[in-house]
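Worksheet: one structure, shown below.
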Amino acid sequence: MRHLGTTFAVCASALCSVVVASSALAAPNYSDVVLADNPVAYFRLNEDSGSLALSKVNTATHVGSLVGTGGDLTFDGLQSATHVGFDDGNTGLLLDGVNGSGIDLGASVSTAMVGASGITTELWLHESNISTVFEDRTASMLYAGAAAGINIIVRGNNVRVGGRSHHSDFYNSGSYVVLPDDSLGGWIHVVGVVDYANSQIRTYINGVLQDTSTAMFQNSTFMEGAYSTWTDRIGNSADNSSGAPISVLQGGIDEVAYYNRALSDQEVLTHFMSAFEEGSSGLPGDINGDGFVGLDDLDIVLNNWNAGTPPNAGSPNIPEPASLGMMIVGGMFVLRRRCC
């Protein structure tokens with residue numbers, strides 16, 4: 001059994017706020033938080049039948065089609081037993097890694113990104129994607145004729161974000177980031193940001209910035225390229241000559257959102273936290289309901305864990321008590337609780 005139990009204390013000047021990334025926290029509805037940040041397209045992949053995947057925004061424009069013979073839209077997605085920001089019965093997409101499977105989005109999403117100073121892709125990967133096979137598997141690819149305007153690649157137990165501002169760019173990518181080998185309910189939150197305006201590529205895992213890489217883009221905004229026959233994809237990429245599906249993802253994927261801007265560190269963290277429980281104030285991470293996310297909330301969570309009565313105790317993947325350690329992530333002091 002794999003677990004995730006990590007507590008983050010973010011300190012700046014005299015202020016210190018605590019957010020807890022565990023089965024203890026979050027907003028009531030993950031999709032509401034995502035939609036509030038105005039994605040261009042948001043594929044929840046919860047159709048649970050058929051072969052179409054519809055965006056929750058701009059629905060008439062952004063319609064994906066399940067292609068190949070190795071995709072299953074009835075796969076159990078994020079569930080309320082471990083992620084209370086989701087409903088029981090929520091479904092995702094399971095791909096077999098072969099048979100040309102995936103979601104073909106056409107070109108509507110990436111075309112809508114033209115002129116954007118940054119692009120963000122947000123999704124959840126199931127731990128079934130983690131393997132010892134060292135070959136590229138594509139979680140998401142936006143083209144707009146630009147030969148990978150932004151993509152997220154899974155290779156073994158690593159993930160990498162890359163992209164171009166135009167097809168004439170050299171391909172820019174961030175560093176490979178190791179996926180955690182302990183995941184609550186089997187799911188890992190992955191966010192990739194290609195920031196053209198600031199010449200950066202950023203990778204976030206479970207709400208926390210893990211890599212910032214300098215990129216060399218020819219343009220400060222995203223431009224449409226020359227390869228008009230290539231389409232946007234979830235779960236695979238396109239062959240350079242034929243456009244046929246290649247690098248098919250092997251595993252589960254859910255809740256795929258695309259934004260025509262670079263999400264901030266706080267926005268990414270808030271999205272991740274909204275998959276878990278909240279306090280009575282409605283503020284993600286405010287366990288005691290006092291309207292402030294602070295050390296008192298951390299104490300409640302740790303005391304509950306140590307007493308053997310963690311919040312959301314019905315979950316089969318509850319973290320066990322463990323030691324505390326201090327580290328620095330992305331320039332922020334982080335109090336981290338490592339699970340056994």
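Quick check: anything in segment 110-120 closer than 16 Å to Pro39 by Cβ and at pLDDT below 90? So far as segment 110-120 goes, yes, one or more of its residues are closer than 16 Å to Pro39 by Cβ and at pLDDT below 90. Among residues that are in contact (Cβ under 8 Å) with a residue 24 or more places away in the chain, crowded, with 17+ Cβ neighbours inside 10 Å, of a type in the set (Val, Ile, Thr) and more than 25 Å from Asp195 (Cβ to Cβ), Ile103 is included.
Looking only at segment 271-292, decide whether some residue is of a type in the set (S, T, N, Q), crowded, with 19+ Cβ neighbours inside 10 Å, at pLDDT 70 or above and part of a strand (DSSP E or B). No, segment 271-292 contains no residue that is of a type in the set (S, T, N, Q), crowded, with 19+ Cβ neighbours inside 10 Å, at pLDDT 70 or above and part of a strand (DSSP E or B). Among residues of segment 226-254 that are farther than 15 Å from Asp96 by Cα and at pLDDT below 80, those with a Cβ under 8 angstrom from a residue that is of a type outside the set (A, V, I, L, M, F, W, C) and part of a strand (DSSP E or B), sequence gap 6+ or separate chain, pair up as Ala238/Pro245; Asp239/Pro245. Determine whether segment 190-205 contains at least one residue that is within 16 Å of Thr121 (Cα to Cα), touching a Ser or Thr at 6+ places or on another chain (Cβ under 6 Å) and of a type in the set (Val, Ile, Thr). The answer is yes, given that some residue of segment 190-205 is within 16 Å of Thr121 (Cα to Cα), touching a Ser or Thr at 6+ places or on another chain (Cβ under 6 Å) and of a type in the set (Val, Ile, Thr).
Let me confirm something: among Gly100, Gly186, Gly156, which residue is at pLDDT below 90 and either touching a Gly at 6+ places or on another chain (Cβ under 7 Å) or among the aliphatic types (A, V, I, L, M) (or both)?
Only one candidate qualifies: Gly100.
Can you tell me which residue within segment 92-131, out of those that are under 17 Å from Leu45 (Cβ atoms) and among the β-branched types (Val, Ile, Thr), is nearest to the chain's Cα centre (by Cα)? Of everything passing the filter in segment 92-131, Thr121 is nearest to the chain's Cα centre (by Cα). The set of residues in segment 170-189 that are within 24 Å of Pro39 (Cβ to Cβ), out of contact with any Ser or Thr (no Cβ under 9 Å at 6 or more places or on another chain) and not hydroxyl-bearing (Ser, Thr, Tyr) comprises Leu179, Ile188, His189.
Considering segment 163-178, the residues that are out of contact with any Gly (no Cβ under 7 Å at 6 or more places or on another chain) and surrounded by fewer than 20 Cβ atoms within 10 Å (Cβ to Cβ) include one that is modelled with the lowest pLDDT, namely Ser168. For segment 43-93, which positions are assigned to a strand (DSSP E or B), out of contact with any Phe, Trp or Tyr (no Cβ under 8 Å at 6 or more places or on another chain) and crowded, with 19+ Cβ neighbours inside 10 Å? Those that are assigned to a strand (DSSP E or B), out of contact with any Phe, Trp or Tyr (no Cβ under 8 Å at 6 or more places or on another chain) and crowded, with 19+ Cβ neighbours inside 10 Å: Phe43, Leu66, Val67, Gly71, Leu73, Phe75. When segment 223-262 is filtered for residues that are touching a helix residue (DSSP H, G or I) at 6+ places or on another chain (Cβ under 8 Å), in a loop (DSSP other than H, G, I, E, B) and buried (at least 22 other Cβ atoms within 10 Å of the Cβ), only Leu249 remains. Against the definition (on the phi < 0 side of the Ramachandran plot, in contact (Cβ under 8 Å) with a residue 40 or more places away in the chain and small (Gly, Ala, Ser)), how does Ser213 come out, yes or no? The answer is yes for Ser213.
In segment 121-132, the qualifying residues are those that are under 20 Å from Thr203 (Cβ atoms) and outside any loop (DSSP other than H, G, I, E, B), and the one that is modelled with the lowest pLDDT is Asn129.
The values are calculated or read from the model by the stated rules, or taken from the named source; none is laboratory data. The model shown is predicted, which means the values in this text are computed figures rather than measured ones. Heads up, the Cβs are rebuilt from the backbone with ideal geometry, glycines too, and the neighbour counts pull from every protein chain shown.
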